[in-house]
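One structure below.
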Amino acid sequence: MVHHERMEVRQIPVPLTEHDQEFLRAVRDPGSPEYMAVHRLVGGAPKLEKSFAVALHALMSIARKAVREEVMLAGYAMLAATQNGKDHAAHRAAWHRAAEVAGRE
């Protein structure tokens, strides 16, 4: 599922190691496995070869989704830990947090 967000364009300095730059070059190369993987993970067809900015934006989208999923999993784990009935407040808080994160997707 592709979400369309209004994008505010800002230029900010991003420190990149040589390994980061090599990885970005691979992500932008239409013949590379990295390029194909990013296309699958973003669920769309950004023109990664267009610029480093497009590639970085695609990678940020992938990272944002992965972090949200991790937050949800942590919420579910917290919810499961409270299932013994001892801490109803923690149970409700975990459930609401997981629902809030899921609602952002």
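Numerical summary
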item	result
Residue selected from the stretch 1-23 under the condition over 19 Å from Ala66 (Cα atoms) and among the hydrophobic types (A, V, I, L, M, F, W, C), by the criterion modelled with the highest pLDDT	Leu16
Output for the stretch 45-75, where each listed residue is surrounded by fewer than 13 Cβ atoms within 10 Å (Cβ to Cβ) and either touching a residue at least 24 places away in the same chain (Cβ under 8 Å) or assigned to a loop (DSSP other than H, G, I, E, B) (or both)	Ala45, Lys47, Ser51
Qualifying position, being more than 27 Å from Glu8 (Cα to Cα) and among the basic types (Lys, Arg), among Arg92, Arg68	Arg92
When residues of the stretch 86-102 are limited to those that are farther than 10 Å from Val71 by Cα and at pLDDT 75 or above, the one farthest from the chain's Cα centre (by Cα)	Ala93
Leading residue by the ranking (surrounded by the fewest Cβ atoms within 10 Å (Cβ to Cβ)) among those in the stretch 13-40 that are in contact (Cβ under 8 Å) with a residue 24 or more places away in the chain and outside any loop (DSSP other than H, G, I, E, B)	Leu24
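The values are calculated or read from the model by the stated rules, or taken from the named source; none is laboratory data. Only a predicted model underlies this, so the values are computations on that prediction, with no experimental measurement involved. A quick note on method: Cβ atoms are made from the backbone with ideal geometry, for glycine too, and the neighbour counts reach across all protein chains shown.
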